[in-house]
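Structure, as structure tokens:
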Amino acid sequence: MNESRDTDDGDGDNALPDDPSGVADETADAGGDTATPGDTSADDTSADDESATDEPAADPDSDDDTPSEPIDDGELLFYEPGGSWWVVAIGPVLIGAVLAMEIAGPGQVHWPVLIIFAVILIGFSLVQVYAARTHVSVRLTETTLSQGTRTIPLSDITKILPANNGPEPQTWESARALGELPAVPRRRKGIGVELADGALAQAWARDVERFRTELSEAHQAVRMGLPPRGRNHTGD
């Protein structure tokens, strides 16, 4: 009796399901209902692609790359460079003269001394001329006035004051100079001007009489609204 009972129990444990295909179908259904992390990222990527597709593509031709028309300053009426490059030639000429005397003399040529002096003289001359041409130059056109590195439109000048021919100093003679320098440069003379903000200043130049004439005529033309003579009026 015991042996038959054990046998029946063993047969019950080792019994296989009647329908193996049903188990496979349940497993497939469970796998289909389970979402994997990769599926979520794929859905997000697909959504991003759809939104990117919906956005209109930027038209490169829509940007206005047409350069703006350059401002016409008109003709150049007056110009002083502030310094001449021939000054730089003084150093080499002096060194050449000393070198010629040493070669012609009985002693030896002192090359190190000559080279040092040449570097000093030429370097100092270059710095001086460059600074003068940068900060002491004057350029007057039909619409603008440049003093040094700064340029102002003539429309910012409301009045050009008359020259002081009397013994008493005028108020404008102590006003600041136009440009970046604190005062009128040496060997230049000032012209009193009143600016649009009511302040007094001095325009300056070496040839102050010619500069006053050209500045007065150009300023009067701007006040009258006349266009620069260099501008094309044909409309072509």
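Go over the candidates Ala203, Ala163, Ala196 one by one and state the one that is closer than 12 Å to Val138 by Cβ and surrounded by 11 or more Cβ atoms within 10 Å (Cβ to Cβ).
Selected residue: Ala203, the only one of Ala203, Ala163, Ala196 that is closer than 12 Å to Val138 by Cβ and surrounded by 11 or more Cβ atoms within 10 Å (Cβ to Cβ).
What's the total number of residues in the stretch 151-204 that are aromatic (Phe, Trp, Tyr) and more than 17 Å from Arg133 (Cα to Cα)?
So the answer is 1.
Residue by residue, here is whether (1) more than 29 Å from the chain's Cα centre (by Cα); (2) over 23 Å from Leu76 (Cβ atoms); (3) acidic (Asp, Glu); (4) surrounded by fewer than 18 Cβ atoms within 10 Å (Cβ to Cβ) holds:
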| position | (1), (2), (3), (4) |
| --- | --- |
| Lys159 | yes, yes, no, yes |
| Pro167 | yes, yes, no, yes |
| Leu178 | no, no, no, no |
| Leu181 | no, no, no, yes |
| Val184 | no, no, no, no |
| Gly192 | yes, yes, no, no |
| Phe211 | yes, no, no, no |
| Ala218 | yes, no, no, no |
| Pro227 | no, no, no, yes |
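Please tell me if Val222 is touching a helix residue (DSSP H, G or I) at 6+ places or on another chain (Cβ under 7 Å), in contact (Cβ under 8 Å) with a residue 24 or more places away in the chain and closer than 17 Å to Ser155 by Cβ.
yes
If you take the residues of the stretch 82-119 that are loosely packed, with under 14 Cβ neighbours inside 10 Å and assigned to a loop (DSSP other than H, G, I, E, B), which of them is nearest to the chain's Cα centre (by Cα)?
My answer is Ser84.
Spot the failing condition for Asp236; the list is (1) over 22 Å from Glu80 (Cα atoms); (2) at pLDDT 95 or above, and only one is missed.
Here Asp236 meets the rest and fails (2).
Among (1) touching a residue at least 40 places away in the same chain (Cβ under 8 Å); (2) at negative phi, which single condition is Val109 missing?
If we test Val109 against (1) touching a residue at least 40 places away in the same chain (Cβ under 8 Å); (2) at negative phi, just (1) comes out false.
Mind listing whichever residues of the stretch 171-219 are touching a helix residue (DSSP H, G or I) at 6+ places or on another chain (Cβ under 9 Å) and among the acidic types (Asp, Glu)?
If the condition is that a residue be touching a helix residue (DSSP H, G or I) at 6+ places or on another chain (Cβ under 9 Å) and among the acidic types (Asp, Glu), then Glu180, Glu194, Asp197 are the ones that fit.
Quick one: how many residues across the stretch 119-134 are farther than 11 Å from Val88 by Cα and not polar (S, T, N, Q)?
Residues that pass the stated criteria total 5.
What are the pairs, 6+ residues apart or on separate chains, where a residue within the stretch 122-138 that is within 8 Å of Gly83 (Cα to Cα) and not assigned by TED's automatic domain parsing to the domain that holds Val184 has its Cβ under 8 Å from a residue that is part of a helix (DSSP H, G or I) and of a type outside the set (Phe, Trp, Tyr)?
Val129/Val87; Val129/Val88
The values are calculated or read from the model by the stated rules, or taken from the named source; none is laboratory data. Here the structure is a predicted model, which is why all the values come from computation and not from measurement. In this analysis, Cβ positions are derived from the backbone assuming ideal geometry, glycine residues included, and neighbour counts consider all displayed protein chains.
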